[in-house]
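Here is the structure we will look at, set down as structure tokens.
Values in this text are rule-based calculations from the coordinates and carry no lab data. Because the structure is a prediction, the values reported are computed rather than measured.
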Amino acid sequence: MVTSILEATARAVDLRITDDELTVLLTDGRRISAPLVWFPRLLNATKEQREIWELLGDGEGVHWPAIDEDLSVSGLLCETPAPGSSAWDALKTVV
């Protein structure tokens with residue numbers, strides 16, 4: 001697989017989160033979306049806990065302090081669900 005320079009340097013600038021989906025807005029204009037079932041801590045957090053987040057580094061990731069959750073932009077670009085999620089368990093059975 002070829003990794004583009006844009007992927008390697010992609011940074012988050014903002015995000016939107018609903019009861020079902022996480023969407024991260026990137027500096028280059030792209031949006032990455034993933035279902036919340038991929039991230040059990042976010043899925044089980046309250047709306048208030050989900051709304052309090054901060055960018056890590058220069059937008060390399062996102063941190064939710066109330067639930068101690070960190071997600072990286074590179075992980076989202078690679079479509080990597082969090083360990084312990086149903087999507088992670090399904091991925092392990094394929095590999």
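Tabulated data
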{"quantity": "Three-way shape label, segment 5-94, alpha-carbon gyration tensor, a/c 1.5", "calculated": "oblate"}
{"quantity": "Amide H contacts under 5 Å for Glu21, placed H, 5+ residues apart", "calculated": "Leu36"}
